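Each reported figure results from applying straightforward, stated rules to the coordinates on display, with no laboratory input. Please read these numbers as outputs of a predicted model, since none were measured by experiment. Because the Cβ atoms are built from the backbone with ideal geometry, glycine has one as well, and the counts that use them run over all protein chains shown.
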Amino acid sequence: MADAMNRNVVSLLEEHIELAISTVQKLREEKLELQAEIARLNSDVLQRDAQIQEQEAHYNKLSEAYEQEKLSAHNERNEIRQRLEDLMTVLASPGETVEAQIESEDADSKESEAEEENGIVFEVKKTGQDTDN
C-alpha cells in the first residue's frame, strides 16, 4: 500500500510539474506577443512624433507668413489712410487747384524752416473755418 501511495504521490507530482511547465511555456509565448506589440506601438509612437514635429514646423511657417501678411496689410492700410487724408485735405481747400495747394504747402514748409532757423516757432490750429470776418 505504501508502494501505491508513493506512485500516487509521484504521479500527482508529475502532473503538477507538467502543468507548471505548460504554464511557463504559455507565459513565455504571451511575453513574446506582448514584446512584439510593444515594439509595434513604439514604432507607431515614433512615427506620430515625427508627424507632429512636421506639423509644428508647418504651423510655425504658416504663422510667420500670417504675421508678415498681417503687418504688410497694416502698413498698406496706413499708407492708403494717409493718402486719403492728404486727398481730403486737398479737396477741402475750396478754390485752390492741386498745384496751388502743393505750392502753398511748399511755401509753408520753407517759411517754417526759416522761422525755426531764426528761433521763432508759431503753432497754427486749423479749424476748417475761414477767419477773414
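For region 1-60, the residue among GLN25, ALA57, VAL10 whose Cα projects farthest onto the positive side of the dipole built from Cβ charges is VAL10. Between GLN47 and ARG81, the contour length at 0.36 nm per residue exceeds the alpha carbon distance by 7.2 nm.
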